[in-house]
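To start, the structure itself, in structure tokens.
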Amino acid sequence: MASENLTSTEYIKHHLQNLTCTIQDGGFHCAHSAEEAKEMGFWALNIDTLGMSLLLGLFFLFLFRSVAKKATSGVPNGTQNFVEAIISFIDNSVRGSFTGRNPMVAPLALTVFIWVFLMNLMDLVPIDYIPYTMQLLGLSHFKLVPTTDPNATIGMALGVFLLILFYSFKVKGIGGFIGELTLHPFASFCLPVKFSLKPGNLLRIVALIVLIPVNFVLEVVNLLAKPISLALRLFGNMYAGEMIFILIALLPFYMQWTLSLPWAIFHILIITLQAFIFMTLTIVYLDMAHQKEH
């Protein structure tokens, strides 16, 4: 639909641009091009990403709350059975990956999985329908899939990262967390069993001091890689999937259905897998934050 008056390059750029708005000169202004969006600076907001994320999050809460209020102990209806199956799946995943004791982890895992899945699911909506409808309403751009926006995936990953830091300090203490960053992976074997001025102990202490900066660099890189891997893995897979749908839409009509249907069916697996991976890594990272034996 929208490709009739656009070149292939313009069509791709149009579908990859967010509805970016900010407050300027006392009014609400939306960008009509990527250059305008860039000029808005840090306080520019991707309204489509924020709006769809909020809408899908509210839908998740409404659906699960309504099922919980109508739940019966007898034979469940289809919706209740579906929700119970998801909760059982999440519970088994948490029990298998999380060894600590924290009642927050299972609800968090459920929220992450369903929310990310719903955002990914928007990728199956035909790519021209919503942008064309928004154009009729006077909006120049609208990206329907929040997880194709790195701002959304990085925001979720930073939320998980803050939880990792919080529980690392809470469970291990400041000394334990600093020790984990400076005494692993190489320096722990250098710790003397009992402090003394014997040559062997002095040598181990010197080795310990020398290896602390090396350990710190390696562990900080490992720590920072957790939110980066969470964010970029989800964004990269969903962005690539959306790009393929856009490229298929540029083909002649008789070829679109031939290619889009198999890709959409395969993409359902990608959508579910990416939500599962994001949830599983969140559980695993929080489990690592709760471990203090070493």
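Summary of values
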read-out: Theoretical ellipticity at 222 nm over the chain - DSSP helices of four or more residues, -39500 (n - 2.57) apiece, nearest 500; value: -24500 deg cm²/dmol
read-out: Local net charge near residue 163, Cβ-Cβ under 13 Å (Lys/Arg +1, Asp/Glu -1); value: +1
read-out: In degrees, nearest ten, helix 150-182 long axis to first principal axis of the chain (Cα); value: 10 degrees
read-out: Rounded to 10°, Cα long-axis angle of helix 47-69 versus longest principal axis of the chain; value: 80 degrees
read-out: Degrees, to the nearest 10: 199-249 long Cα axis against longest axis of the chain; value: 10 degrees
read-out: Reachable aspartates and glutamates, given that their alpha-carbon falls under 20 Å from the alpha-carbon of residue 226 and they are not under 8 places away in the same chain; value: 149, 180, 287
read-out: Set of aspartates and glutamates near residue 69 by C-alpha distance (under 17 Å), chain-local residues within fewer than 8 positions excluded; value: 84
read-out: Structure-derived semi-axes √(5λ) of the Cα gyration tensor in Å: which label, when the choices are [x] 32, 20, 18; [y] 44, 27, 18; [z] 26, 24, 18; value: [y]
read-out: Rounded to whole Hz, the Karplus (6.51, -1.76, 1.60) HN-Hα couplings of the stretch 87-103, x for glycine and proline; value: 4, 5, 4, 5, 4, 5, 5, 5, 4, x, 10, 10, 9, x, 10, 7, x
read-out: Residues of type aspartates and glutamates that residue 143 reaches as a straight line, Cα spacing below 14 Å, ignoring anything fewer than 8 places off in the same chain; value: 48, 123, 128, 242
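Computed from the coordinates by the stated procedures, all read-outs in this text should not be read as laboratory data. Nothing here was measured: the structure is a model prediction, and the numbers come from that model. Here Cβ is always computed from backbone atoms with ideal geometry, including for glycine, and neighbour counts include all displayed protein chains.
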